[in-house]
1. I need the full set of residues from region 49-63 which are without any contact (Cβ under 8 Å) to a residue 40 or more places away in the chain and near the ligand (Cβ under 7 Å from one of its atoms), in order please.
2. Of all the residues that make up region 82-99, how many are within 16 Å of the ligand (Cβ to nearest atom) and of a type in the set (Gly, Ala, Ser)?
3. Among Val202, Val208, which is the only one that is touching a residue at least 60 places away in the same chain (Cβ under 8 Å) and among the aliphatic types (A, V, I, L, M)?
4. So is Gly66 at pLDDT below 95 and more than 9 Å from the ligand (Cβ to nearest atom) or not?
5. Among the residues of region 81-100, write down those that are at pLDDT 95 or above and of a type in the set (Ser, Thr, Tyr).
6. Please work out which one of (1) on the phi > 0 side of the Ramachandran plot; (2) surrounded by 21 or more Cβ atoms within 10 Å (Cβ to Cβ) is the condition Ala29 fails and give its number.
7. Starting from residues that are among the hydrophobic types (A, V, I, L, M, F, W, C) and surrounded by fewer than 19 Cβ atoms within 10 Å (Cβ to Cβ), keep the ones in region 34-48 and report whichever is nearest to the ligand (Cβ to nearest atom).
8. Here are some residues: Leu305, Leu290. Which one is within 21 Å of the chain's Cα centre (by Cα), within 30 Å of Gly66 (Cβ to Cβ), surrounded by 13 or more Cβ atoms within 10 Å (Cβ to Cβ) and without any contact (Cβ under 8 Å) to a residue 60 or more places away in the chain?
Amino acid sequence: MSCTFTRSKEKDVSTKRLVQLPNGEFVVANELGQRVYKTFMVVSASFRCDKGCPCCTAQITTWPKGEDCWERMDDCLARCEQAGITFEYVTMSGNGEPSMYPADVLRGLKETFDRYDHLFEYRRFQTGGNILWEPEVWNIFGPTYVFETTRMSLDDAEDMEILRYRRNYTESPLFPRSRVVFNHTLLRRNEHRLLADIEGYVRRFGNVLAAVNLKILNPNTFDPNVLSSRQSQWILKHGLGKNDGQRIVELMDAHFPRVNDYNPFYDRYEWMHPSGIKITLYARLASYGLPNIVFYQGKLVDYGLKPQRLELPEGTDILALWRAAGEQSHVRA
Ligand code: SF4
């Protein structure tokens, strides 16, 4: 099985192919023989946030508290580089709201990411919107990072009511100077107006919008069998589930051209809006977080906190596999 997809990106243009390793696993590789993961995700061991989202993933998955060990970031990125791994993007993530970490810590992390700039096609900063009210932190990340924010509704009042926040970040003076990805959460209450919502995001936020993600909430990213928390129960009651994904795919296929075939590594569908804004649905058909590497407490782990196995089995020639993969489908984004 193979597919080829060429993407225009902010930084470069490279041809990626889905290749299958001798052990049966899929990876995405480029013409340099590097594996291309989706994101390098940076997660803190402490939680702080100014919002009260009823579905807060950080509060469902209570990872062990401890030291962040930020000083190990450089070594961890060097290890990725030595293993021949690059990423679509680095994500400055939670726990909680990362713009509430101390500014000197954030500045140091940003400088470390700058040293490994060649590993990332672009950079994301996940925020509930707080960074748009924090000029000192915005100045560190705002010029070069895309801000990724989850919304429950295009309507500000409804969004603020569900996610329980008071300051409307779209009214911040820094908002028009930012680039933004919205994670539009798929809920039972908003499915019927999905197409109108997509048009609304493009019309209202076209000047700042980098992409729209359609998000199926995960009731528990750490242990799918533990669903007793009030956040998991809220998701089960209000959110669309992964079994609803195919219905969304069919709706989107009927209205937008598909770019990039589905592949089991990235586990996502992508469409192009006529405005040039990409719309992505993470299908959740594969193991959660497979194409991501998480930095947590100075270690590289997966979402189950298991150590990442970065090095390929001995004798694996990724470039040869990339060449042999051929071009069953070729999509330009
Ligand atoms: S913004 Fe993120 S961390 Fe904060 S409450 Fe919402 S989901 Fe949790």
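1. So in region 49-63, the residues without any contact (Cβ under 8 Å) to a residue 40 or more places away in the chain come out as 58, 62.
Selection gives Ala58 alone.
2. Looking only at region 82-99, we keep the residues that are within 16 Å of the ligand (Cβ to nearest atom), and these are 91-99.
Keeping just the survivors that are of a type in the set (Gly, Ala, Ser) gives 93-94, 96, 99.
So the answer is 4.
3. Only one candidate passes the filter, namely Val202.
4. Working: at pLDDT below 95: yes; more than 9 Å from the ligand (Cβ to nearest atom): yes.
Spelling it out, Gly66 is indeed at pLDDT below 95 and more than 9 Å from the ligand (Cβ to nearest atom).
5. Within region 81-100, Thr86, Tyr89, Thr91, Ser99 meet the criteria.
6. Single failed check for Ala29: (1).
7. Narrowing region 34-48 to residues among the hydrophobic types (A, V, I, L, M, F, W, C): 36, 40-43, 45, 47.
Right, trim to surrounded by fewer than 19 Cβ atoms within 10 Å (Cβ to Cβ) and you get 45, 47.
Working: Ala45: 14, Phe47: 7 Å.
For region 34-48, the residue satisfying everything is Phe47.
8. Details: Leu305 fails: without any contact (Cβ under 8 Å) to a residue 60 or more places away in the chain.
Just a single option satisfies the conditions, and that option is Leu290.
The values are calculated or read from the model by the stated rules, or taken from the named source; none is laboratory data. Owing to the predicted nature of the structure, the values given are computational and were not obtained by experimental measurement. Please note: Cβ atoms are built from the backbone with ideal geometry, for glycine as well, and neighbour counts cover all protein chains shown.
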